[in-house]
Amino acid sequence: LTGGARAMLSYPLLPDQDLTVLGPGYLADDVIADGVIQEIAADDTLLWRWRTSDHFGYDVPFPVRWGALEGYDGNEVDVFHLNSLEQVADGSGDYVVSARHLDNVFRVDRATGDVDWVLGQVPSDSPAATLAAQLTIVGDPRGGPRRPHDARLNGDVLTLFDNRTGMDEPARAVAYRIDTGAGTATLLWEIEQDAGLTSVGLGSARVTTAGTVVVSWGAAIQPVFGEYTTAGEPLIEITQ
């Protein structure tokens, strides 16, 4: 950020959270890994903090209990899994965030702390203001992202990598036009993994200055990455 400050994501543990809404195997006093955005000044003082648990409920589509993990007892539940953060380049200071286990991408209003819009799923037990921020997805045969990564907003066009983990569907890079006035997100293009493979995780999608798209296909997929037209025509693909 300007002045030597930086923005970062962190997963602080939050104990005694009621996760019974998720069904068998989840407790009324579980420990979650929250998702927190922090702005830290150049002198390491905290400038601003935002917590996912203040805005989204726990009835999430893809919760993961960590299991064996060094430094933890292994029972923590990763309910949100924020995995990309971008400050919007419009002077607002707002952030666009992708959340793998929420199956969504959302915009945080830096001035108010509100969720301005959500592309994808919103847990039914979320606060009313967040539920109202859900966009209607138009023209997407797959109904929006599943386990998304690497969300980037350029003007009103949002791009992301859509892993489709656990869906037995091809991973893809996608772009949507966000219209906050109409409350819609309209699919502009999608580039599907040409062998129909689903990504386990990770991955990215970036539009070049030439208008092509460089896609990293995530974990355990060959080719590892490639460059494509928005119609999905491969220009080059790299295998490992």
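Nothing in this text is a laboratory measurement; each read-out follows from the coordinates by a stated rule. Everything numeric in this text was worked out from a predicted model, so none of it was measured. Heads up, the Cβs are rebuilt from the backbone with ideal geometry, glycines too, and the neighbour counts pull from every protein chain shown.
Miscellaneous remarks
- One quarter of the convex hull surface built on the alpha carbon atoms of segment 58-197 amounts to 9.7 nm², the projected area averaged over directions.
- Pair-distance distribution P(r) for segment 44-86, from all Cα-Cα distances in 5 Å bins starting at 0: 5, 16, 19, 21, 19, 14, 5, 0 percent.
- Peptides ranked, highest mean first, by Cβ atoms within 10 Å: ranges 43-54, 165-176, 211-222, 129-140: 165-176, 211-222, 129-140, 43-54
- Computed over the chain: relative contact order in percent, which uses C-alpha pairs under 8 Å that are six or more apart: 11
- Expressed to the nearest 5 percent, the antiparallel share of DSSP beta bridges inside the chain is 90 percent.
- In segment 1-66, the convex hull through the Cα atoms has an average projected area of 5.3 nm², a quarter of its surface area.
- Estimated distance in nm for a label pair at L235 and A89, the labels positioned 7 Å out from Cα along Cα-to-Cβ: 1.8
- Taking the C-alpha atoms of segment 117-240, convex hull volume expressed per residue in Å³: 104
- According to the calculation over all Cα-Cα pairs in the chain, the P(r) per 5 Å bin from zero is 1, 6, 13, 17, 18, 17, 13, 9, 4, 1, 0 %.
- Between D114 and A195, the FRET efficiency estimated from the beta carbon spacing at R0 = 45 angstrom works out to 0.65.
- Summing +1 for each Lys or Arg and -1 for each Asp or Glu among the other residues whose beta-carbon sits under 13 angstrom from that of R65 gives -4.
- Cβ-Cβ FRET estimate between Y11 and A210, R0 fixed at 30 Å, reported to 0.05: 0.25
- Vicinal HN-Hα couplings computed from phi for segment 33-47 (Karplus, 6.51 cos²θ - 1.76 cosθ + 1.60; Hz; Gly/Pro x): 8, 6, x, 10, 9, 10, 10, 10, 6, 4, 8, 6, 7, 7, 9
- Summary of the geometry: segment 1-41 and segment 90-121, compared by the centres of their Cα atoms, lie 15 Å apart.
- Translational diffusion coefficient of segment 120-191 (Stokes-Einstein, Kirkwood radius from Cα pairs, 4 °C, 1.567 mPa s): 101 µm²/s.
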